[in-house]
Amino acid sequence: MQDILSISQELSRGLFVTISILIASSLFAYLMGFISGLLRLSKHTVIRKFTGLYIELFRGTSLIVQLFWLYYAIPMLFGINLGSNWIIGVIAIGLNYGAYLSEVVRGSVEAVDDGQTEAAIALNLSSFQKMRYIILPQAVRMMLPEFGNYTIQMLKGTALVSLISLNDILYYGNILRSSNLSQAPLIYLVILIFYFVLALPLIFLTRKAEDISKKGVAN
Amino acid sequence: MTKPIVEYKDVHKSFGDVEVLKGIDLDIFPAEKIAVIGPSGSGKTTIIRMLMTLEEPTDGDIIVDGKNLWKMDKHGKMVEADEKHLREIRGDIGMVFQHFNLFPHMTILENCMTAPIHVKGEKKKEVKKRSIDMLERVGLGDKINNYPSQLSGGQKQRVAMARALVMRPKIMLFDEVTSALDPELVGEVLEVIRDIAKNDDMAMVLVTHEMDFALDVADKVLFLDDGVIAEQGSASDVIEHSENPRVQEFLSRFRS
Ligand SMILES: Nc1ncnc2c1ncn2[C@@H]1O[C@H](COP(=O)(O)OP(=O)(O)OP(=O)(O)O)[C@@H](O)[C@H]1O
Ligand SMILES: [Mg+2]
């Protein structure tokens with residue numbers, strides 16, 4: 001018991017990094033998801049193709065490789081300093097999950113019944129008004145559960161930033177273990193519990209999102 | 001003589017290689033009520049969808065209030081209409097669909113208010129009053145805060161009509177608006193259309209399989225067959241006294 005407490009205390013020093021990276025990278029991923037998901041539906045082939053390239057590139061390669069590219073390769077190759085490790089972590093996770101989310105956004109917009117578009121045209125709404133008042137409100141409801149699921153995955157993904165020496169929960173766990181090999185099982189158990197407790201509110205919100213989504217109308 | 005509000009001039013429409021409309025000529029006069037009848041696949045829906053700008057003609061012209069709907073003048077040359085041009089003209093036209101197409105995320109009052117506010121920029125207070133009046137007229141005054149999912153099919157279709165009417169179109173299009181309804185709900189919807197037809201001075205084009213209804217409200221009936229208007233005339237001429245064998249064969253399916 002004493003051990004668990006001291007392990008928890010040590011791990012909680014990483015809480016701020018884990019949570020702040022989760023929040024920043026999910027906001028960035030949502031933004032990327034919306035922008036590229038909508039661009040994917042553009043009338044212009046060039047825009048669609050270009051956005052598709054981003055999406056396939058980031059979905060088709062692994063997050064950890066992307067993280068190392070941003071951290072090691074790009075600064076060496078192009079002499080660009082992308083900022084602190086924290087920012088690099090946020091960019092990598094945000095771009096990676098943004099690519100997945102863009103497919104959720106595109107799929108949801110396309111899943112709105114064609115009759116909705118036709119009714120909007122018959123009422124003489126402009127393309128923009130149709131998107132803003134008719135299509136997106138319905139599409140967003142459909143997206144909510146998937147956004148929740150991907151946010152839970154992003155939480156798990158944040159653990160990778162310990163590999164670019166960011167001091168998150170896993171980083172402090174690894175430090176503890178290296179000075180305390182016999183305690184490794186206990187340390188990793190507490191780490192599991194930490195991530196699970198962090199995921200709980202997200203799991204709860206995702207459930208709620210599923211309800212809203214099923215109802216189709218929020219009220 | 002009054003001028004037509006809509007003119008179809010040799011309008012053709014193909015989907016891929018299949019020509020579904022083979023030269024439609026048609027005048028629609030202000031306040032005129034036209035019923036369109038004909039076998040399945042003859043092109044009835046396509047005719048009115050082109051007027052609603054949901055489908056572009058392959059050939060020919062549709063003139064609305066003197067303006068070419070699908071073509072516009074650009075530096076003296078006629079080019080394909082853009083969204084701005086289409087929006088200027090289609091404000092005069094409203095449509096009610098077979099499957100209602102209500103907005104499920106809005107109450108029925110919001111369904112009615114959205115377009116007048118955002119498209120016409122009208123004041124919310126006025127629009128609200130007009131929408132409530134209209135919903136009362138179609139018999140749904142006690143449901144204004146309900147969502148479409150809480151209504152029956154007949155009620156949904158009446159909302160769809162109110163939603164189109166608050167935009168004050170000059171021409172209203174109805175595409176088999178009762179054919180997705182349970183039989184016992186058809187009457188209430190036809191009753192509303194009859195009320196509009198008798199009391200409003202909009203032009204109306206109704207694609208319908210309800211022959212008695214067409215006889216009752218239509219000034220003119222078009223019989224469409226295989227992409228052409230095969231017969232037209234007063235409701236009684238076409239539905240009761242036509243000698244065209246195709247018309248007779250078609251109508252025989254409705255007599256039991
Ligand atoms: N978007 C489309 N793509 C391809 N073919 C189409 C399309 N819309 C209609 N058609 C075809 O065009 C023809 C005419 O269709 P339309 O819907 O106008 O007929 P209709 O007279 O309204 O028939 P119904 O009484 O069954 O509603 C049909 O053969 C139909 O299959
Ligand atoms: Mg049809």
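General observations
- Too-long pairs where the Cα-Cα distance tops 29 Å, listed order kept, from A:LYS215/B:LYS13; B:LYS125/B:LYS170; B:LYS71/B:LYS124; A:LYS43/B:LYS143; A:LYS130/B:LYS9: A:LYS215/B:LYS13; B:LYS71/B:LYS124; A:LYS43/B:LYS143; A:LYS130/B:LYS9
- Cα gyration tensor of the protein assembly as shown - equivalent ellipsoid semi-axes, whole Å, descending: 60, 25, 19
- Candidate aspartates and glutamates - alpha carbon under 16 Å from B:LYS74, same-chain residues fewer than 8 apart omitted: B:ASP82, B:GLU83, B:GLU88
- Accessible area buried, both sides summed, chains A and B with 1.4 Å probe, Å²: 2100 Å²
- Segment B:ASP142..B:ASN199, full-extension length gain: 18.2 nm, with 0.36 nm per residue of separation and the alpha-carbon distance subtracted.
- Spin-label proximity, A:LEU186 to region A:1-33 - amide N less than 17 Å from point 7 Å beyond Cα toward beta carbon: A:1-12
- In the elastic network of chain B, a GNM with C-alpha springs shorter than 10 Å, the most mobile of B:HIS241, B:HIS99, B:HIS12 is B:HIS241.
- With a 10 Å cut-off around each Cβ of B:100-111, the average count of Cβ atoms from other chains is 5.
- Computed from backbone phi with θ = phi - 60° and the Karplus coefficients 6.51, -1.76 and 1.60, the 3J(HN,Hα) list for region B:137-149 is 4, 8, x, 10, x, 8, 10, 4, 9, 7, 8, x, 5 Hz; x is used for glycine and proline.
- Long-range HN-HN contacts of A:LEU82 with modeled amide H, under 5 Å: none
- Rounded Å value of the spacing that divides the Cα centres of region B:13-61 and region A:58-113: 50 Å
- Sequence ranges B:164-172, B:209-217, ranked by mean other-Cβ count within 10 angstrom, highest first: B:164-172, B:209-217
- Helix A:184-215 axis, angle to chain A major axis (alpha carbon atoms, nearest 10°): 20 degrees
- Value of [θ]222 nm, deg cm²/dmol, for chain A, DSSP H segments ≥ 4, -39500 (n - 2.57) each, nearest 500: -24500 deg cm²/dmol
- Of the residues A:PHE194, A:PHE204, the one with the largest accessible area comes first in the ranking A:PHE204, A:PHE194, computed with a 1.4 Å probe on protein heavy atoms.
- Considering only A:ILE121, A:ILE23, A:ILE135, the Gaussian network model of chain A with Cα springs below 10 Å gives its largest mean-square fluctuation to A:ILE121.
- The gain in end-to-end length when the A:ILE64 to A:PHE78 segment is fully stretched comes to 3.0 nm, 0.36 nm per residue minus the alpha carbon separation.
- Sequence-separation-based contact order of region A:38-129, relative, with Cα cut under 8 Å and 6+ spacing, percent: 30 percent
- Helical mean residue ellipticity (222 nm; -39500 (n - 2.57) per DSSP H run of 4+; nearest 500) of chain B: -10000 deg cm²/dmol
- Computed accessible area, A:ASP3, all protein chains, 1.4 angstrom probe, square angstrom: 70 Å²
- Most fluctuating residue given options B:GLN150, B:GLN98, B:GLN232, as computed from a GNM of chain B linking Cα atoms under 10 Å: B:GLN150
- In sequence order, calculated HN-Hα J values of region A:163-175 (Karplus, 6.51, -1.76, 1.60; Hz; x Gly/Pro): 7, 10, 6, 9, 8, 8, 4, 5, 4, 5, x, 5, 4
- Lys/Arg +1, Asp/Glu -1 at C-beta; the protein assembly as shown dipole; positive extreme among A:ILE23, A:LEU95, B:VAL127: A:ILE23
- Spatially proximal aspartates and glutamates relative to B:LYS156 (Cα-Cα < 16 Å; intrachain offsets below 8 disregarded): B:GLU110, B:GLU136, B:ASP142, B:ASP175, B:GLU176, B:ASP182, B:GLU184, B:GLU188, B:GLU191
- Residue order for B:ASP142, B:ASP65 - accessible surface, 1.4 angstrom probe, largest first: B:ASP142, B:ASP65
- Normalised by the number of residues in chain B, the average gap of Cα pairs under 8 Å and 6 or more apart makes the relative contact order 25 percent.
- Shape category assigned to chain B from the gyration tensor of Cα positions, a/c cut at 1.5: oblate
- Solvent exposure, largest accessible area first (probe 1.4 Å, DNA, RNA and ligands not counted), of B:HIS75, B:HIS105: B:HIS75, B:HIS105
- Anisotropy class of region A:99-219 from Cα gyration tensor, a/c 1.5 cut: prolate
- With the convex hull drawn around the C-alpha atoms of region B:104-168, the volume per residue stands at 71 Å³.
- Peptide ranges B:202-208, A:103-109, B:130-136 listed from the most packed, as the mean C-beta count within 10 angstrom indicates: B:202-208, A:103-109, B:130-136
- Using the alpha carbons alone, the radius of gyration of chain A stands to its Kirkwood radius in an Rg to Rh ratio of 1.07.
- Nonlocal amide H pairs with B:ASP59, under 5 Å, H built at 1.01 Å: B:HIS12
- Region B:112-137 versus region A:140-202: alpha-carbon centroid distance in Å: 52 Å
- Loop trypsin sites (Lys or Arg not before Pro), region A:1-62 (other Cβ atoms within 10 Å of the site Cβ: 10 or fewer; DSSP): A:LYS43
- Crossing angle, helix A:2-11 versus chain A [Cα axis fit, 0-90 degrees, rounded to tens]: 50 degrees
- Segment B:ASP73-B:SER252, length gained on full extension (0.36 nm per residue, minus Cα span): 59.7 nm
The values are calculated or read from the model by the stated rules, or taken from the named source; none is laboratory data. Just so we're clear, the structure is a prediction, and the values are computed from it rather than from any experiment. Backbone-built Cβ (ideal geometry, glycine too); neighbour counts: all protein chains shown. The area values use the complete protein model at the heavy-atom level, side chains included, leaving out ligands, DNA and RNA. Shrake-Rupley method; radii C 1.70, N 1.55, O 1.52, S 1.80 Å.
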